There are 2 protein chains.
Amino acid sequence: MRAPVSRRARPAKAPLSREVIVRTGLKVLDRDGLDALTMRRVGQELDTGAASLYVYVKNREDLMDAMLDTALADVPLPAEGPWQQQVEELVVSATEAMSRHEGLALVALGGIPSGEHALRILDRLLALLKDGGLDDMTAAWAVDLLYLYITAGAAEQGAYNTTDRTQGQHLADAERLYAELPADRYPMITALRGPLLSAGDRERWGLQVLLNGILNTPAGGFTPADT
Amino acid sequence: MRAPVSRRARPAKAPLSREVIVRTGLKVLDRDGLDALTMRRVGQELDTGAASLYVYVKNREDLMDAMLDTALADVPLPAEGPWQQQVEELVVSATEAMSRHEGLALVALGGIPSGEHALRILDRLLALLKDGGLDDMTAAWAVDLLYLYITAGAAEQGAYNTTDRTQGQHLADAERLYAELPADRYPMITALRGPLLSAGDRERWGLQVLLNGILNTPAGGFTPADT
DNA sequence: GCTCGTAACGAACAACGTTCGTTGCGGACG
DNA sequence: CGTCCGCAACGAACGTTGTTCGTTACGAGC
């Protein structure tokens, strides 16, 4: 199955292609939110109907998969510096790229990464971890874990970037929720309400936790045949 | 707003209630999959229409939130043993409970945990970490991170539990995908294909990574005002 | 300059979440 | 014991959704 190429070159209207459809999908997602990302809406943005998209895109899921991978295309691969710092930069960049588009990270969760640019990032991560001296098994599992952290972190952050609410809305909700909690039933949560809601670079801390843990936890002890 | 109570007690049909609706939703989800979890389908299972559900449930999202919390109700709180082992058991139990129902973990990602049973688990986790000697800030952020690991891990595992495919389908897909990858473009992935697809208790390893990392990474250095 | 493959399109289908107006049961009151 | 009325339950409808089908019309090749 080769990529279809439009042979109608109307002067007033750029021809359709998989790339412009995906890019338009990202535009609609960013401007109007996840609920507005419908096939009809994307078609309308391209001055056509929804049916026309199905020549280049298998279905809505396929479109979102392609949108995710396109969003990862801009993630820069760090070139220099100590390997730990490079891992940090790469993970943070990937998380930011995903979370910039509301709800897009959710399509990555539950599904082996298969996109071109996602694999590019994973390959680089793998190389960096091997540079760090990790054995094959630990490096492989660590990449799995880091990718999970990227997608989950992006999904969580991406939920805050909803278009219909202000940025601080979720935080205010959490404050109210935890303030009204019965102290007898949830003593620790109410006692540690301050630290739970406190500001700070949690993502970078979590990343540091992962790296420190990975360096101190060889995967060998968790393989099935280690008797 | 008090919980509505059905006053029609027809002998042939159990009266509606929020609980039976939520429980029926879980039954439909487990038997027929996430796509089949529609308001009409749940209503049909209860021998009524979709509109009748809206007395006890605000909307579909509210139903799924309630389903998630009900799924967490059976998670046992470990009572004895060293605190690290208790944390392990609790996290594994929670992940299993979520991943038992396809797609349910996704509703927890992006959304402060607010359900009764979810808070119960978080409160216990917090207590265990404080028992381990962590300072308030680190314990609070660690609970955040562990909850992220629970939901993300459950979402990933829950994706494999699709009803329309066999269990080994996803693994076979991954094997084929990685086997056909161009070695010049993704050298590390192709080289480490074996370890990447290898079996083993990755979840427990990841959990150990998190715990080891948490113990060696105080949150203090990541707060905004630490100059 | 005719033909043919196929990109593009309009219309339609089935199914979805949700709302509205009505119905009829059961407890409360006279 | 009979009447009333609040509200759970329901049937029907609305607006949208993803996707498919049959048709149209353009551009390349003989």
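The values are calculated or read from the model by the stated rules, or taken from the named source; none is laboratory data. Remember, it's a predicted structure, so these values are computed and weren't measured experimentally. A quick note on method: Cβ atoms are made from the backbone with ideal geometry, for glycine too, and the neighbour counts reach across all protein chains shown.
Return yes when A:Val5 is at pLDDT 95 or above and within 16 Å of DNA strand C (Cβ to nearest atom) and no when it is not. Criteria not met by A:Val5. Hey, could you check the range B:54-63 for residues that are away from DNA strand D (no atom under 12 Å from the Cβ) and outside any helix (DSSP H, G or I) and say which is nearest to the other protein chains (Cβ to nearest Cβ)? Once the filter is applied, the top-ranked residue is B:Asn59. When A:Gly200 is tested against (1) touching a Phe, Trp or Tyr at 6+ places or on another chain (Cβ under 6 Å); (2) at pLDDT 95 or above, just one condition goes unmet, and that condition is (2). Just one of the listed residues (A:Ala51, A:Ala79) is within 14 Å of DNA strand D (Cβ to nearest atom), out of contact with any helix residue (DSSP H, G or I) (no Cβ under 6 Å at 6 or more places or on another chain) and more than 14 Å from chain B (Cβ to nearest Cβ), and it is A:Ala51. The single condition among (1) more than 8 Å from every other protein chain (Cβ to nearest Cβ); (2) among the hydrophobic types (A, V, I, L, M, F, W, C); (3) closer than 28 Å to A:Asn212 by Cα that B:Leu145 does not meet is (1). Within the range B:13-23, identify whether any single residue is under 30 Å from A:Leu171 (Cα atoms), touching a residue at least 60 places away in the same chain (Cβ under 8 Å), surrounded by 14 or more Cβ atoms within 10 Å (Cβ to Cβ) and among the aliphatic types (A, V, I, L, M), and answer yes or no. No, the range B:13-23 contains no residue that is under 30 Å from A:Leu171 (Cα atoms), touching a residue at least 60 places away in the same chain (Cβ under 8 Å), surrounded by 14 or more Cβ atoms within 10 Å (Cβ to Cβ) and among the aliphatic types (A, V, I, L, M).
In the range A:170-193, is there at least one residue being more than 8 Å from every other protein chain (Cβ to nearest Cβ), within 30 Å of B:Ala172 (Cβ to Cβ) and buried (at least 18 other Cβ atoms within 10 Å of the Cβ)? No, there is no match, as no residue in the range A:170-193 is more than 8 Å from every other protein chain (Cβ to nearest Cβ), within 30 Å of B:Ala172 (Cβ to Cβ) and buried (at least 18 other Cβ atoms within 10 Å of the Cβ). If I filter the range A:81-90 for residues that are more than 16 Å from A:Leu207 (Cα to Cα) and surrounded by 18 or more Cβ atoms within 10 Å (Cβ to Cβ), do I get at least one hit? No, there is no match, as no residue in the range A:81-90 is more than 16 Å from A:Leu207 (Cα to Cα) and surrounded by 18 or more Cβ atoms within 10 Å (Cβ to Cβ).
Residues are listed down the side, and each one gets a yes or a no for (1) within 13 Å of DNA strand D (Cβ to nearest atom); (2) among the basic types (Lys, Arg); (3) more than 26 Å from B:Tyr186 (Cα to Cα):
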{"site": "A:Gln44", "(1), (2), (3)": "yes, no, yes"}
{"site": "A:Asp65", "(1), (2), (3)": "yes, no, no"}
{"site": "A:Glu88", "(1), (2), (3)": "no, no, no"}
{"site": "A:His101", "(1), (2), (3)": "no, no, yes"}
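Could you tell me which numbered condition A:Thr162 fails, if it satisfies all but one of (1) at pLDDT below 95; (2) over 23 Å from the mean Cα position of the chain (by Cα); (3) more than 8 Å from chain B (Cβ to nearest Cβ)? Against the list (1) at pLDDT below 95; (2) over 23 Å from the mean Cα position of the chain (by Cα); (3) more than 8 Å from chain B (Cβ to nearest Cβ), A:Thr162 comes up short only on (2). Can A:Arg100 be described as facing chain B (nearest Cβ under 8 Å), more than 26 Å from B:Arg204 (Cβ to Cβ) and either in contact with a helix residue (DSSP H, G or I) (Cβ under 7 Å, 6 or more places away or on another chain) or of a type outside the set (Val, Ile, Thr) (or both)? When the stated conditions are applied, A:Arg100 does not pass them. Beta carbons closer than 6 Å, at least 6 apart along the sequence or on distinct chains, pair a first residue in the range B:75-101 that is small (Gly, Ala, Ser) with a second that is at pLDDT 95 or above for B:Ser93/B:Val75; B:Ala94/B:Val75; B:Ala94/B:Ile121; B:Ala94/B:Ile150; B:Ala97/B:Ala71; B:Ala97/B:Leu72; B:Ala97/B:Val75; B:Ser99/B:Ala154. All of A:Asp65, A:Asp69 fail the test of being in contact with a His (Cβ under 7 Å, 6 or more places away or on another chain), more than 16 Å from DNA strand C (Cβ to nearest atom) and of a type in the set (D, E, K, R), apart from A:Asp69.
B:Ala152 meets all of the listed conditions (1) more than 8 Å from chain A (Cβ to nearest Cβ); (2) under 25 Å from A:Leu210 (Cβ atoms) but one, namely (1).
When residues of the range A:96-112 are filtered for being buried (at least 20 other Cβ atoms within 10 Å of the Cβ) and touching an Asp or Glu at 6+ places or on another chain (Cβ under 7 Å), how many remain? So the count comes out to 4. Restricting attention to the range A:113-129, which residues are at the interface with another protein chain (Cβ under 7 Å from one of its Cβ atoms) and either surrounded by 18 or more Cβ atoms within 10 Å (Cβ to Cβ) or touching a Pro at 6+ places or on another chain (Cβ under 6 Å) (or both)? Selection gives A:Leu119, A:Leu122, A:Asp123, A:Leu126, A:Ala127.
Taking the criterion of being of a type in the set (Lys, Arg) and touching a residue at least 24 places away in the same chain (Cβ under 8 Å), no residue of the range B:188-202 qualifies. Consider the range A:201-227 and keep the residues that are farther than 18 Å from A:Ile150 by Cα and touching a Ser or Thr at 6+ places or on another chain (Cβ under 6 Å). The one that is nearest to the other protein chains (Cβ to nearest Cβ) is A:Ala219.
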